[in-house]
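Structure first, then comments.
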Amino acid sequence: MSTDARPPGTPQLPPPAPESEPSGAPAPALPPPAPEAPASRLRSALDLIDPGPVLPNTPIPPRSSTPPPPEIPPLPVAPPKPLLPPEPLSDEPGPLRPVPARRPGRVAAAAVCVVLGAGLLGGAAAGTWLDDDSDGPAARSNYTAARDLWHSVPVDTLFPRTIRGTGAGPGGADREWTRIAVAPDGDCADALDPLLLKVLEPVGCARMVRATYTDATATGVTTVGLVFTQAEPAAMTALANRFANEKLGDRSDLMPRTYPVKGGVAAAFGDKQRASWTVRVLTDAPVVVTAVSGFADGRAIAAPQSAEQATADGASGPAAEAGLGHDAKGIADNVERGLRKKAAASPEPAP
């Protein structure tokens with residue numbers, strides 16, 4: 001019995017192979033083992049790592065110890081649009097309204113409308129400038145025709161037998177006036193006071209015609225006159241500006257005279273009975289329009305009022321309360337319109 005002196009836990013070696021019996025022939029000598037190549041050792045080391053299943057003909061990518069770089073986004077095709085500023089907030093609650101998309105067709109139509117509107121405004125302005133040309137042929141023709149109306153048209157055209165004034169009375173009441181006499185044409189010396197005649201001297205007095213009217217109640221009488229001058233448009237404009245700037249139409253010492261009619265309601269209509277008046281210098285015709293009114297009973301008026309004063313809101317006094325200012329203004333308005341209409345319709349006189 002043999003005793004094993006190896007420490008416990010040591011693996012036992014396999015028993016030696018039985019020795020063959022020696023024979024007469026010598027045993028062949030074995031070649032020495034070849035040294036192991038480095039590649040074989042490398043493959044042996046790799047074989048220890050389980051790479052997993054490998055597909056045939058699939059290259060194994062090399063392993064890298066550094067992480068791959070992040071992907072760079074592609075550059076934008078167009079620069080980004082700037083952000084619009086936020087709309088101001090409103091204190092009033094209400095539903096949000098979507099912003100309509102712009103349509104090229106509507107923008108083009110709006111541009112066309114702007115161009116057409118500018119053209120129309122320009123044409124209208126040009127037309128206005130042409131119409132306001134007081135030196136045009138039509139204006140000169142009307143001006144020349146008006147100068148001869150005192151003897152070229154019937155008296156009923158200048159002074160109608162009946163004049164109706166719609167809303168021409170106090171408070172917008174209708175008025176009606178009837179012609180009772182027509183004065184013979186003459187110069188201005190007998191028809192105008194000396195001071196008024198002197199004021200009209202720069203335009204000259206060629207002829208004057210007058211007529212006297214009474215109202216429907218025959219309590220008021222009015223004399224209307226037309227002074228045909230010898231002036232050109234520039235002189236008439238200068239005189240009209242003087243009347244406006246110096247307020248000559250409100251001066252009682254520049255009242256026109258009356259034309260009384262014997263044996264009628266205007267028999268007592270004299271200078272002391274003048275209660276209201278108007279004097280108008282026209283610029284589109286060589287004519288000065290006058291009118292003066294008073295009471296038919298012959299009462300004297302101590303403080304006459306111009307037609308503008310007697311027809312003003314809140315006016316008081318005999319002329320204003322009796323409507324004599326409305327009589328002078330209404331009759332003068334009607335005669336002036338008829339004169340302008342006739343001058344525009346009259347043919348140009350032969351040279």
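So is THR258 in a strand (DSSP E or B), at pLDDT 95 or above, more than 45 Å from the chain's Cα centre (by Cα) and β-branched (Val, Ile, Thr) or not? Answer is no for this residue.
Listed conditions (1) farther than 19 Å from ALA216 by Cα; (2) loosely packed, with under 15 Cβ neighbours inside 10 Å; (3) among the hydrophobic types (A, V, I, L, M, F, W, C) are all met by VAL279, apart from (2). Somewhere in the range 303-317, is a residue at pLDDT below 95 and β-branched (Val, Ile, Thr)? Checking the range 303-317: not a single residue is at pLDDT below 95 and β-branched (Val, Ile, Thr).
Among the residues making up the range 312-348, a single one is part of a loop (DSSP other than H, G, I, E, B), over 14 Å from ARG147 (Cα atoms) and among the acidic types (Asp, Glu): ASP313.
When the residues of the range 284-308 are filtered to those that are part of a loop (DSSP other than H, G, I, E, B) and free of Cβ contacts under 8 Å to residues at least 60 places away in the same chain, the one that is nearest to the chain's Cα centre (by Cα) is PRO304. Look at (1) over 41 Å from the mean Cα position of the chain (by Cα); (2) surrounded by fewer than 18 Cβ atoms within 10 Å (Cβ to Cβ) and you find that GLY314 fails only one, number (1).
Results for (1) free of Cβ contacts under 8 Å to residues at least 12 places away in the same chain; (2) over 20 Å from ALA319 (Cβ atoms); (3) surrounded by fewer than 15 Cβ atoms within 10 Å (Cβ to Cβ), shown as yes or no for each residue.
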position: VAL153; (1), (2), (3): no, yes, no
position: ILE163; (1), (2), (3): no, no, no
position: GLY167; (1), (2), (3): yes, no, yes
position: PRO170; (1), (2), (3): no, no, no
position: LEU192; (1), (2), (3): no, yes, no
position: LEU200; (1), (2), (3): no, yes, no
position: ALA216; (1), (2), (3): no, no, yes
position: ASN245; (1), (2), (3): yes, yes, yes
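The values are calculated or read from the model by the stated rules, or taken from the named source; none is laboratory data. Remember, predicted model here, so these are calculated numbers, not experimental data. Please note: Cβ atoms are built from the backbone with ideal geometry, for glycine as well, and neighbour counts cover all protein chains shown.
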